[in-house]
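The values are calculated or read from the model by the stated rules, or taken from the named source; none is laboratory data. Keep in mind the model is a prediction, meaning the values are calculated, not measured. Virtual Cβ from ideal backbone geometry, glycine too; neighbours counted across all protein chains shown. Surface areas here come from the heavy atoms of the whole protein model, side chains and all, with no ligands, DNA or RNA. Shrake-Rupley method; radii C 1.70, N 1.55, O 1.52, S 1.80 Å.
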Amino acid sequence: MFLILFSQGPGLSGFMEQWWLVLVGLGGALVANSTGIGGGVVFVPAFDALAIPEGHIVGTSLLIQSFGMSMGALTYLSQGKVPVVPRLEGGGTTQLSSIGIVLTVLLPSLIGYWAATMGGVRPDWPLALIFKVLSLGLLTALLVTNFVRLLPHRKICIGTDGIILCLIGLIGGAFVGWISIGVGELLAIYLMLRGLRAVEAIGLAVIVTALCVLLARIGLPTSQGVDFDIALLVAPGALLGGFLAPILLNYIGEARVKWFCAFWIVVSATVM
């Protein structure tokens, strides 16, 4: 990463001038991997403030998230925070395995992403307006999980839950194509509302987001551009944030992290 940064990217002089972009990557990855909210809630308004062309903002954000979310997913898995069969807050386990949940959401999310980018399925709004509407909507749903649990006594199964997870993937994947966040947030929110333990819901959301952005950037055709100089400066911070986020969640607690992220989303949506 650092060899590419200095040999192919902005080099040492660019790093010295814009070293603070590493902190943007760190902050975005900490938010993303400790709550399930995509790093785009930090990257999109930050890149907009840097006057990066609108056509490059989402692509650059997704490329950076490929680093940060992948590191976060590996950290959750290595620490054993995502068991083979997820557990419910009230006791017991789900009928769907972790792999089953991930695949049920992931495949439709790639279809949604493709439809939103190459398929042209997109609101006829500026990026800033799409970001404000969707991020504030996701914020509202996230905060609801502090107070509500839906049907915690019924195990998550392949029937109705499977259909809802597919819809989450399809809609969330489209959101990712529009503003680089969405699928992980929707999944984490739904799983917590269904009674799943928060850390496991967030861990699964991070894994799905990591796979979605990786496959979207590597395996699917896209019209989104990337500012590689900015990406190379932000990505090292994203890698560090992805590693530290699960540890941060342990020490600070889910509720405090949620309220901090709620504050950040309101500020970023207001100023963008």
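If the condition is being among the aliphatic types (A, V, I, L, M) and in contact (Cβ under 8 Å) with a residue 60 or more places away in the chain, then the stretch 114-139 contributes Ala115, Ala116, Met118, Leu127, Ala128, Leu136, Leu138, Leu139.
In the stretch 21-36, how many residues are open to solvent by 10 Å² or more (accessible area, probe 1.4 Å) and not β-branched (Val, Ile, Thr)? Looking only at that region, the number is 4.
I'm trying to understand the selection: among the residues of the stretch 181-203, which are in a helix (DSSP H, G or I) and touching a strand residue (DSSP E or B) at 6+ places or on another chain (Cβ under 8 Å)? Passing the criteria: only Glu200. Here is the figure for the stretch 30-42: residues that are assigned to a helix (DSSP H, G or I), of a type in the set (A, V, I, L, M) and under 15 Å from Glu185 (Cβ atoms) total 4. Scanning the stretch 43-55 for residues that are crowded, with 23+ Cβ neighbours inside 10 Å and either at pLDDT below 85 or in a loop (DSSP other than H, G, I, E, B) (or both) returns no hits.
Taking the residues in the stretch 97-140 that are under 19 Å from Val58 (Cα atoms) and of a type in the set (S, T, N, Q) as candidates, determine which candidate is most open to solvent (accessible area, probe 1.4 Å). It comes out as Thr117.
Do we find that Cys166 is at pLDDT below 75 and either more than 15 Å from the chain's Cα centre (by Cα) or surrounded by 15 or more Cβ atoms within 10 Å (Cβ to Cβ) (or both) in this structure? So Cys166 does not fit the description; no.
Give the residues of the stretch 241-263 that are at pLDDT 70 or above and buried (at least 19 other Cβ atoms within 10 Å of the Cβ), sorted by residue number. Hits for the stretch 241-263 are Gly241, Gly242, Ala245, Pro246, Leu249. Considering only the stretch 183-212, state which residues are β-branched (Val, Ile, Thr) and either modelled with pLDDT under 90 or surrounded by fewer than 24 Cβ atoms within 10 Å (Cβ to Cβ) (or both). Hits for the stretch 183-212 are Ile189, Val199, Ile202.
Just one of (1) surrounded by fewer than 18 Cβ atoms within 10 Å (Cβ to Cβ); (2) modelled with pLDDT of 90 or more fails for Arg87. It is (2).
Within the stretch 213-240, the set of residues being at pLDDT 80 or above, assigned to a loop (DSSP other than H, G, I, E, B) and open to solvent by 50 Å² or more (accessible area, probe 1.4 Å) is empty.
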